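Sharing a structure, written as structure tokens. Questions coming.
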Amino acid sequence: MSSTRRGRYGRGVTTTHPLDLAPAHTPDAFAHEFLLNLNFDRGVTLAESSANDRYLALAHTVRDYLMARWLDDLTRQKQTQAKGVCYLSAEYLLGRQLDNNLLAGGLTDIAAQALDGLGLSLDELRGHEVEPGLGNGGLGRLAACFIDSLATLGVPNIGYGIRYEYGIFRQTFVEGQQVEQPDAWLALGSPWEFARPEDAQTVSFGGRTEKYDDDGVTRSRWIPAWNVQAVPYNYMVPGFENGRVNTLRLWSAVATNAFDLRIFNSGDYEEAVRAQTYAANISKVLYPEDSTPQGKELRLQQQYFFVAASIHDFLDNMLAEGYDLNRLPERVIFQLNDTHPVIAVPEFMRVLIDEKKLEWDAAWAITRQCFAYTCHTLLPEALEVWPVELLGRLLPRHLEIIYRINEEFLDAVRERYGDDELRIRNMSIIAEHPVRSVRMAYLATVAGARVNGVAELHSQLLRDKVLSDFSDFYPEKFTNVTNGVTPRRFLRLANPSLSSLITETIGEGWVTDLERLRELEPFADDASFLARFAEVKAANKRRLGEVLRERDGVDVSDGHMLDVMVKRLHEYKRQMLKVLHIVSQYEGVISGRLSASDLQPRTVIFGAKAAPGYAMAKRIIHLINAVGSVVNADPRLDGRLKVIFPPNYNVTLAERVIPAADLSEQISLAGKEASGTGNMKFALNGALTIGTDDGANVEIRELVGDDDFFLFGMSEPEVSALSDRGYRPSEFYQADEGLRRAIDLIASGAFSRGDRSVFEPVVSNLLYEDRFMVLADYASYMTAQERVDAAYRDADGWNRSAVLNVARTGFFSSDRSIRDYIDRIWHTPPVI
Ligand SMILES: *Cc1c(COP(=O)(O)O)cnc(C)c1O
């Protein structure tokens with residue numbers, strides 16, 4: 001292919017520097033390159049091309065423009081051997097690539113003009129991309145934001161992960177209930193990836209270990225039972241207009257041996273491909289779990305598969321010949337995005353000891369400097385553990401290494417605290433109950449140079465509660481890095497109208513220096529700016545209305561406050577609290593205690609996927625849809641309360657919904673949401689938050705100020721105190737008439753055609769268990785919503801608050817997060 005390319009611009013085949021091959025930055029050159037791709041890669045003429053052909057050719061054209069920079073960066077990372085970040089994450093929730101890559105390459109206008117000249121529309125073609133949904137929610141999206149910021153800051157980085165053949169399921173609703181469809185995101189071609197089968201790694205499993213004599217030294221080795229090939233696929237990660245392109249390398253599993261031709265020829269086709277099928281299963285599908293681990297063998301296989309391949313890839317391909325392994329901490333930091341990649345720690349030790357023949361102490365000293373761990377949860381059930389039986393069967397040598405790490409660690413604990421057996425048991429990497437298991441978070445904490453939480457409150461709770469014994473033992477390890485979101489995708493691309501207004505007002509620097517949004521503060525009192533800001537919000541609402549009409553056939557009413565709750569469906573996030581608010585308003589009107597004209601017109605938009613095995617979450621989805629269909633159809637409300645629940649919430653939908661929102665619902669029980677990043681996206685796009693003192697809400701409120709944030713609910717210490725006293729939800733039900741009426745209405749079958757059994761489990765869960773204290777915060781939430789209504793009636797006041805939210809939340813750029821990681825954990829300066 002490259003030889004035909006070289007000839008395209010008549011610059012001759014002897015060119016060695018790839019920059020010389022890049023097409024010129026003009027609409028004509030772009031159109032020419034596009035047509036070449038259409039003809040030579042897709043094999044069609046423009047007249048015969050399908051929309052998919054045109055999208056793929058466009059994607060290839062964008063790639064062509066970025067290629068030179070990518071090749072340069074690959075060379076630079078190898079040549080400089082500067083310290084880089086290997087970000088290990090089982091998930092990357094990337095969102096669509098086309099717009100992002102056009103933006104990063106400064107190509108958007110050129111592409112639009114070029115296509116226009118050919119009678120095509122960029123708008124139409126970008127709609128053709130299926131987003132790679134290789135993550136569940138916040139954790140995977142964070143990884144995507146971080147690699148964007150790393151590239152934009154010019155920090156050497158490889159993101160390592162898994163190329164799932166099927167990403168997060170596509171959600172549909174059938175009679176209001178979630179039905180999952182496979183996400184065949186690769187079906188129409190994946191123009192952004194580059195397969196590198198020649199860089200494949202072998203990853204082994206099972207078998208046994210043995211000791212042997214190596215010239216007088218007793219060593220261990222692993223004799224595995226089976227293996228698979230890990231084939232890397234590279235993706236460009238372009239920095240914003242800085243000429244830099246980092247790499248995201250996702251691994252795909254294939255069988256080591258092609259199928260057995262002899263058996264195939266004998267006619268037993270199934271048997272012939274069995275090994276292939278088995279191997280390919282490892283990267284077949286993303287586990288659609290969010291914050292609860294699934295004790296699935298395949299999941300442990302996935303985890304080991306990608307980290308083993310990544311470590312070997314780094315050592316084989318990125319490290320200079322003969323690199324002194326003792327100096328590795330000067331060259332690399334492996335950042336563990338939650339516990340999913342923690343099995344990398346014993347793998348790294350195994351490589352250093354068994355393969356590179358380092359002494360244990362030397363290997364451990366290196367390992368302890370080369371890993372750092374980010375914890376993402378506070379829910380005890382989300383702290384991943386692996387049964388020793390399973391781990392030992394799948395990775396016997398790794399289990400031995402984990403045992404030895406634990407022994408030495410517990411010796412050190414004993415040395416410090418004496419024979420405090422309770423403490424020893426509590427801190428052991430091996431849990432004895434209910435089954436002997438490896439606690440991956442503890443392993444990561446012992447091995448990591450640093451352990452960070454993802455918001456101030458979360459990091460504090462890690463120190464004080466979840467990992468308190470460890471923070472006592474290793475106080476210097478614990479740090480915080482508050483999450484952030486990339487302003488390129490979530491402001492510049494998602495909200496072009498607001499971006500233009502900002503740029504006109506304060507210049508363009510904000511895209512890479514988001515704190516500069518502060519310069520907007522004085523304009524919060526400028527009437528003409530406020531009018532333009534209001535027009536931007538109104539235009540974004542119209543744009544969302546068009547998307548929802550086209551996508552789901554639903555209408556968004558004019559003049560409504562858009563009240564938005566989009567995030568994974570989880571009880572701790574408390575979508576139920578929002579449902580109770582809606583039902584209370586509805587009940588008020590139909591019982592005649594409220595008149596419809598008292599209602600501030602609102603449209604509530606939900607977006608949420610439930611893990612397929614999470615029954616309660618699925619019931620809540622059903623209830624939201626049921627409430628929506630009753631409320632939306634009831635004439636007594638006079639169209640003043642609407643509930644919309646577009647299915648399949650994903651990054652693409654987030655980019656449309658968030659810029660249109662007036663109100664951002666961040667209503668988790670205090671002490672349960674580690675950070676949240678949705679909360680940041682909304683504030684940056686000028687939505688006001690109604691929220692608890694939880695996760696990064698705390699920091700948002702500190703920055704925005706109490707006057708422009710609707711705080712409600714118990715604080716974390718109050719939650720703990722109530723929990724210690726003994727929480728009885730029924731007491732709150734008895735004590736609050738409004739709450740009682742709302743719950744009774746659901747229980748009566750009003751939203752299930754009179755069938756009381758449908759939502760009975762939801763109701764009894766609330767009344768008798770309510771682990772996340774929905775009922776305890778109900779009254780406070782209702783009053784806060786009244787404050788919201790009152791504030792919204794003052795349109796100028798509301799817009800002023802919205803502008804202040806934008807102006808004061810530049811802190812939440814993932815560029816800032818990455819700078820914090822560099823300062824506090826990685827010590828990896830940008831490479832110029
Ligand atoms: C930002 C984002 C999330 C995380 O939302 P939270 O409100 O922080 O839970 C989840 N899914 C998608 C598609 C996102 O863009």
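The values are calculated or read from the model by the stated rules, or taken from the named source; none is laboratory data. Worth saying up front: this structure is predicted, and the values here are computed from it rather than measured. Because the Cβ atoms are built from the backbone with ideal geometry, glycine has one as well, and the counts that use them run over all protein chains shown.
Does GLY239 qualify as being at positive phi and either in contact (Cβ under 8 Å) with a residue 60 or more places away in the chain or not hydrophobic (A, V, I, L, M, F, W, C) (or both)? Break it down stepwise before answering.
Values: at positive phi: no; either in contact (Cβ under 8 Å) with a residue 60 or more places away in the chain or not hydrophobic (A, V, I, L, M, F, W, C) (or both): yes.
When the stated conditions are applied, GLY239 does not pass them.
So, in the range 641-679, of the ones that are in a strand (DSSP E or B) and within 13 Å of the ligand (Cβ to nearest atom), which residue ends up farthest from GLU716 (Cα to Cα)?
Here the residue is SER664.
Is it the case that the range 598-609 has a residue that's of a type in the set (Asp, Glu) and either closer than 14 Å to PHE645 by Cα or touching a residue at least 40 places away in the same chain (Cβ under 8 Å) (or both)?
Taking the range 598-609 as the starting set, the residues that turn out to be of a type in the set (Asp, Glu) are 598.
Applying the additional criterion that residues be either closer than 14 Å to PHE645 by Cα or touching a residue at least 40 places away in the same chain (Cβ under 8 Å) (or both) yields none.
Looking through the range 598-609, none of the residues is of a type in the set (Asp, Glu) and either closer than 14 Å to PHE645 by Cα or touching a residue at least 40 places away in the same chain (Cβ under 8 Å) (or both).
Here's the yes/no breakdown for (1) part of a helix (DSSP H, G or I); (2) surrounded by 23 or more Cβ atoms within 10 Å (Cβ to Cβ); (3) out of contact with any strand residue (DSSP E or B) (no Cβ under 8 Å at 6 or more places or on another chain):
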{"position": "PRO434", "(1), (2), (3)": "no, no, yes"}
{"position": "VAL438", "(1), (2), (3)": "no, yes, no"}
{"position": "ALA449", "(1), (2), (3)": "no, no, no"}
{"position": "HIS458", "(1), (2), (3)": "yes, yes, no"}
{"position": "GLU476", "(1), (2), (3)": "yes, no, yes"}
{"position": "ARG489", "(1), (2), (3)": "yes, yes, yes"}
{"position": "SER500", "(1), (2), (3)": "yes, no, yes"}
{"position": "THR503", "(1), (2), (3)": "yes, no, yes"}
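Report yes if GLY695 is assigned to a loop (DSSP other than H, G, I, E, B), touching a residue at least 12 places away in the same chain (Cβ under 8 Å), within 12 Å of the ligand (Cβ to nearest atom) and touching a strand residue (DSSP E or B) at 6+ places or on another chain (Cβ under 7 Å), otherwise no.
The answer is no for GLY695.
Still on this structure: Can you tell me how many residues in the range 74-101 are surrounded by 24 or more Cβ atoms within 10 Å (Cβ to Cβ) and more than 16 Å from the ligand (Cβ to nearest atom)?
Count: 4.
I'd like to check something: does the range 87-108 contain any residue that is over 22 Å from the mean Cα position of the chain (by Cα) and free of Cβ contacts under 8 Å to residues at least 40 places away in the same chain?
Checked the range 87-108: at least one residue is over 22 Å from the mean Cα position of the chain (by Cα) and free of Cβ contacts under 8 Å to residues at least 40 places away in the same chain.
A further question on this structure: Condition (residue is crowded, with 17+ Cβ neighbours inside 10 Å and either within 30 Å of ALA527 (Cα to Cα) or without any contact (Cβ under 8 Å) to a residue 12 or more places away in the chain (or both)) applied to the range 770-784: is it met by at least one residue?
yes
Follow-up question, since we're still on this one. Evaluate the range 98-109: report whether one residue or more is among the charged types (D, E, K, R) and under 23 Å from LEU188 (Cα atoms).
Yes, the range 98-109 has at least one match.
Something else: Which one of these does LEU501 not meet: (1) free of Cβ contacts under 8 Å to residues at least 12 places away in the same chain; (2) in the same structural domain as ALA687 (by TED's automatic domain parsing)?
If we test LEU501 against (1) free of Cβ contacts under 8 Å to residues at least 12 places away in the same chain; (2) in the same structural domain as ALA687 (by TED's automatic domain parsing), just (1) comes out false.
A further question on this structure: Kindly indicate whether any position in the range 539-550 is surrounded by 18 or more Cβ atoms within 10 Å (Cβ to Cβ) and either among the charged types (D, E, K, R) or not in a helix (DSSP H, G or I) (or both).
Within the range 539-550, one or more residues are surrounded by 18 or more Cβ atoms within 10 Å (Cβ to Cβ) and either among the charged types (D, E, K, R) or not in a helix (DSSP H, G or I) (or both).
Any chance the range 374-387 includes a residue that's at pLDDT 95 or above, in a helix (DSSP H, G or I) and crowded, with 20+ Cβ neighbours inside 10 Å?
no
Go through (1) farther than 24 Å from ILE690 by Cβ; (2) buried (at least 21 other Cβ atoms within 10 Å of the Cβ); (3) hydrophobic (A, V, I, L, M, F, W, C) and name the single condition ILE590 misses.
Failed condition: (2).
Can you go through GLY135, GLY105 and tell me which one is surrounded by 20 or more Cβ atoms within 10 Å (Cβ to Cβ), modelled with pLDDT of 95 or more, small (Gly, Ala, Ser) and in the same structural domain as VAL237 (by TED's automatic domain parsing)?
Just one listed residue meets the conditions, GLY135.
Then there is this: Could you tell me which residue of the range 780-796 is farthest from ARG532 (Cα to Cα), considering only residues that are under 34 Å from the mean Cα position of the chain (by Cα) and not aliphatic (A, V, I, L, M)?
Residue satisfying both the conditions and the ranking: SER780.
Can you go through SER595, SER591, SER629 and tell me which one is away from the ligand (no atom under 14 Å from the Cβ) and without any contact (Cβ under 8 Å) to a residue 12 or more places away in the chain?
The match here is SER595.
May I ask you to list the residues in the range 114-147 that are within 16 Å of the ligand (Cβ to nearest atom) and not in a loop (DSSP other than H, G, I, E, B)?
Passing the criteria: GLY133, LEU134, GLY138, LEU139, GLY140, ARG141, LEU142, ALA143, ALA144, CYS145, PHE146, ILE147.
Do we have ASP744 as of a type in the set (D, E, K, R), touching a residue at least 12 places away in the same chain (Cβ under 8 Å) and not assigned by TED's automatic domain parsing to the domain that holds VAL245 here?
No; evaluated as a whole, the condition is false for this residue.
Have a look at LEU391, LEU383 and point out the one that is touching a residue at least 12 places away in the same chain (Cβ under 8 Å) and touching a His at 6+ places or on another chain (Cβ under 8 Å).
So the residue among LEU391, LEU383 that is touching a residue at least 12 places away in the same chain (Cβ under 8 Å) and touching a His at 6+ places or on another chain (Cβ under 8 Å) is LEU391.
A follow-up question, please. For the range 486-535, name all the residues that are within 16 Å of the ligand (Cβ to nearest atom) and under 21 Å from SER801 (Cα atoms).
Result: PRO487, PHE490, LEU491, ARG492, ALA494, ASN495.
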